[in-house]
Amino acid sequence: MIETHYKHLDETVFRETCENGLELIVVPKEGFAKTYAFFATKYGSMDMRFCLNGAWKNTPAGVAHYLEHKMFDMESGNALQELTQLGAEANAFTSDAITGYYFESSENFEESLRLLLSFVSVPYFTEESVAKEQGIIAQEIRMIEDNPSWQVYSNLLRGLYQNHPARIPVAGSVESIAEITAQMLYDCHSAFYDPSNMALCVVGHVDPAEILKIANEVLPASRRPAIVRDYGQEELPCAAAPRMEMRMEVSQPQFLCGYKCAPSLSGEAYARQELIGSMACEILFGESSPLYHRLYTAGKINGEFSGGYDLLPGISFILVGGESSAPLEVHQAILDEAARIAREGVDEALYEQTRRVTYGSLLRGMNSFESIAVGSVESSFHGCDYFGFPEVFETITKADIMQFITESVTPERATISMILPKEES
Amino acid sequence: MMEMTRRKLMPGVYLTYLQERKFKTNVLSAQAIVPLEQKNTERNALLPAVLRRGTARYSDMQQLSAALDLLYGARIDCTVRKKGENQCVGFVASFIDDHMTPNGEKLLEPVAELMGDLWCNPATRSGRFLAEYVQGERANLVDQIRSQRNDKRIYASVRLMQEMCRGEAYGISRLGSEKEAEKISAGKLYQQYVALLSSACFELFYCGSAPLPRVEQALLSAFSALPRAELVDPAITLPHPPAQETRFITEEMDVTQGKLALGFSSTSPDYPALLLFSTIYGGSATSKLFLNVREKESLCYYASATLHRQKNLLTVSSGVEIENYQRALDEILAQMAAARRGEVEDWEIASARSTMRHALRTMCDSLGQMEDFYLGQAAGGMSETIDGLREKLEEVTLERMLAAAEGIRLDTVYFLKNKAQKEGKA
C-alpha cells in the first residue's frame, strides 16, 4: 500500500487501488477505543437515469435510498441485527451523490468488517420483503415532510435548479416509492455496487495490510466499465425561481437564501473550489463579518443563522439562512454586501482572520472518525486528497475569494425559500 | 483509559481534568450549577447569551469574534442544560491543541482568560448590562422557546416530560416559559447575575495535552475576580411520585405524522439493571421495540426507549401514522409486558450488553460526550467513573433486571396528532 505522512496534520494514511477497482484508504489511529469503517458507492438519489448493458433505465425517485434500506436483508438474516450483536453500532445513509454503509465498534472489528463488505456486495430481495419496507419508508418520508428545516432546503433546490436531479428529494415520495420492485433494486445494485464504483475507508487502531487482505478476500473480483448517468439538460446560470414559499406550523419564518454557483470541478481543482467557496461564505456572512454583526445587532437574525458552500456532481451553490421575522430584508442585505465587496474588495484584517478560522475548523473536523472517513471517501470520488488542505490553502489568494463572490452572489443567481407560519384560522 | 482528576480550585469551584493528546483540539468548560426553580429559570437561561455579547475588553460580538478568530478559530459556545433537578448554564470552549498550532502558539491561557472575562468582567454601562444586549437576547430566548414546537419529535418529548413531572422541579423546561422570559428586565437580570456569580457552584472541565499545574494556573488567574460568598449547593433530585393511574394527553397540530411519547416511572435503585433492561426494550437495533414495532409490524420508522437516570424514568418515542395510534400503543405496551415477564432470550441480553459496553468505552473518544458526562456526575453528586459503570453492567443478571422492572408503571401517554383528524381513540 502507498503510505503518505502529513506532517501538518500529524497523520499517516495508507492507500491502495485494488485489482477490482476498489479505492481503499486506511487511517491508523492510536489511543482511541473505537474503530470506524465506511463503505460507500458513488450512487445517490440523483442517479435516476443510467445506461446498463447498453439499455437506458429510468428509475423512480427514492430508489437509491430504498435500496439502502433493503441491502441489510441477507439470505441468512438481517445484517443490522447481526452487527449489533457483534457490538457494532451500524447504520447507513443516502445522499444526492453517494450511498454509505458504516459501523463503529470496540470489539469484533474484523468479523464486523467482513460482514459489512459481504452484505453490501451480495443483494438479496424478494417481492414480499420489498413490499414490506413501504410502510417503514413511508413513515420516514412523513417524518421529514413534517420537518420545516427539510422543507425549506428541499424547496430551495427546486428554486435554484431548472432540470438537475438535485431538485428531487433523496427519499422520493410515498407515491414514487410505490413503483419500486425487487427487479429494479437488482438492476441498480448491479449497475452501481461494483467495487470499481466504490471506496472503503477504515479509521482506528488497525493494521492496513490486514484490511487490504480482508477486502480482497470478501469482495468480488469483477470490474465493470463505468456506468453512464444522465443528469438532464445543462443548467442555465440563473436561478429557476426567485422565491419559494410554503406555510407550516412554525413559530416564526424559517428561511434559506441560495446562490447558484459555477458547476463543480474535479481533482485538485475541486478541493480548491471547495475551500474558496467556504472562505467566501465566512467573509460574506460568517460570524466575524460586518454583515452578520449588523443583522444580529438589528435583531434580524439570531444565533441559528449559518450557511456554507455545497458541491454536488455537476453543480455547486451557497446556502445560508435560519429564522427571522424579516427574511426578505436579510436576503437583500446579503446581495447588497456582495455588491459592496465586489466594488470595494475584501478587508485585509477579515481575510487574515478567515484564514485562521478556516484552518482551525478543518483541523477540528479531524477529531471525528466519521468526518475523516466520509471526507476521505468523498474526496477519492472527486479525485482529490482530503488530507491535502494545508497545501491547497497556501495557493488561495484574496483575489480568488473576491472573484468568487462577485460572480456567484448576484440577484439573478439568487433564490429565497421561506416557510411561513400558518395564519390563525 | 484516561485518568480523571478532580480538584477544588476555590470555594465551590471544581476542576475536572483529563490529560489527553489524541485529539486535535482541547475543550474547556465553565458551568454554573443552580437548583431548578420556577422563578429564576428564564433569567439563568438568558445569562450566558447576554454575557457572550461582550466583555469589558471586547465590548461587542464583532470584537469578541475577531479575538477568537485570531486564536485559530477558537469557539466559545453558550450552553443551557438540565442535569437532574439542576440547571447548568455557562460556556464551552474548543480550541486547537498546542501540538497542532501552526507556529506552536499556546491557546489555553488566552482562551481561559476570555472565558473568565465572559463570566466576571462583562460589558456594562453605569453598572448594568447594556439594555440593547438584554433586549436582543431576550427576544432570541423567546424565539428559541417558541421554536421548540418546530421539531415535532423533540416537542412531543418535552411536552411528555412537562406533563409527567408537573409540579416537580424536573418538569421545568431547561429554557423556562415564554411568558416569564418576555418579562425579564435588564435590572432584574443584572441582580440575578450578581447573586449567581457569588453563590453558585462552578464546574470547570478541561481535556487536552496541557499538564494539570498549567491548567490550574490558567484557570485560577482567569477566575481570580470571581466573588465567593455563601454558596448554594446543587439540588438533590427528588424521586418521581408513582402515578395512581395512567394519564392520556392528546394535542393537535398541523402534522402529517403522529408523535407518540410514553412515560414510565420506576422505583428500583438498581441503575445498571434498569439500564440494561431499557436497552433490551428499546435501546438498539436488536431491541424489542425496533424488531417488533418497526421491523415486524412496519408501524414506524423509529421507536426507541431512553432511561432518565437521575429521575428513574423511562420514556418511549415514536412517529406513527395517525390512524395507527392504538395499534402502535398496544404493541409498545405488549413488548414492555413481554420484557417484564422475562420473555428475554440470551442473545438479546448479550446484544444489549455489547451495545452498552461500546457506548461507554467510546465515550472517551468524544470531547463533547466526556464534558457532558462529567458535568452530569458533578451536578448529581455522583463519583462513579465510566469504567466503573461498565464493570457493573457486566454483572447484571436477568433476575436482577426483572426485579428492577417490577416497579415500572405506565405513567403518562402523550399523542400529537393532526388537527383535521376528527376521529381518534386517544
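The values are calculated or read from the model by the stated rules, or taken from the named source; none is laboratory data. Please read these numbers as outputs of a predicted model, since none were measured by experiment. Note: ideal-geometry Cβ built from the backbone for every residue, glycine included; neighbour counts use all protein chains shown.
Reported count of residues in segment B:333-382, each being without any contact (Cβ under 8 Å) to a residue 12 or more places away in the chain, within 21 Å of the chain's Cα centre (by Cα) and outside any helix (DSSP H, G or I), is 2.
Considering (1) polar (S, T, N, Q); (2) surrounded by fewer than 16 Cβ atoms within 10 Å (Cβ to Cβ); (3) in a helix (DSSP H, G or I), the lone condition that B:Ser147 does not fulfil carries the number (2). Only a single item in (1) free of Cβ contacts under 8 Å to residues at least 24 places away in the same chain; (2) within 13 Å of chain A (Cβ to nearest Cβ); (3) of a type in the set (Gly, Ala, Ser); (4) more than 23 Å from B:Leu212 (Cβ to Cβ) is not met by B:Gly104, and it is number (4). Quick one: is A:Ala240 out of contact with any Phe, Trp or Tyr (no Cβ under 8 Å at 6 or more places or on another chain) and either of a type in the set (Gly, Ala, Ser) or surrounded by 20 or more Cβ atoms within 10 Å (Cβ to Cβ) (or both)? The answer is no for A:Ala240. Just one of the numbered conditions (1) of a type outside the set (A, V, I, L, M, F, W, C); (2) part of a helix (DSSP H, G or I); (3) more than 14 Å from every other protein chain (Cβ to nearest Cβ) is not true of B:Lys82: (2).
Applying the criterion of being crowded, with 23+ Cβ neighbours inside 10 Å and at negative phi to the residues of segment A:81-93, the residue that is nearest to the other protein chains (Cβ to nearest Cβ) is A:Thr84. Identification of strands (runs of 3 or more DSSP E) wholly contained in segment A:5-74 with 2 or more residues that are touching a Ser or Thr at 6+ places or on another chain (Cβ under 9 Å) yields A:11-17, A:23-28, A:35-41, A:49-52. Among the residues of segment B:302-323, those identified as touching a helix residue (DSSP H, G or I) at 6+ places or on another chain (Cβ under 9 Å) and assigned to a helix (DSSP H, G or I) are B:Arg309, B:Gln310, B:Lys311. Taking the conditions exactly as written (over 27 Å from the mean Cα position of the chain (by Cα) and either crowded, with 22+ Cβ neighbours inside 10 Å or touching a residue at least 60 places away in the same chain (Cβ under 8 Å) (or both)), does A:Ser288 satisfy them or not? Criteria not met by A:Ser288. Pull up segment A:297-320, narrow it to residues that are within 14 Å of chain B (Cβ to nearest Cβ) and buried (at least 20 other Cβ atoms within 10 Å of the Cβ), then point me to the one that is modelled with the lowest pLDDT. Within segment A:297-320, the match that is modelled with the lowest pLDDT is A:Asn302.
When B:Tyr170 is tested against (1) over 19 Å from the mean Cα position of the chain (by Cα); (2) buried (at least 17 other Cβ atoms within 10 Å of the Cβ); (3) not in a loop (DSSP other than H, G, I, E, B), only condition (1) is not met. Tallying residues that are assigned to a helix (DSSP H, G or I) and within 9 Å of chain B (Cβ to nearest Cβ) within segment A:363-379 yields 4.
Please find, within segment A:11-36, the residue that is nearest to the other protein chains (Cβ to nearest Cβ) out of those that are without any contact (Cβ under 8 Å) to a residue 60 or more places away in the chain and under 24 Å from the mean Cα position of the chain (by Cα). Ranking the qualifying residues of segment A:11-36, first place goes to A:Arg15. Any idea how many residues of segment A:101-149 are in a helix (DSSP H, G or I), of a type in the set (A, V, I, L, M, F, W, C) and at pLDDT 95 or above? Selection size over segment A:101-149: 7.
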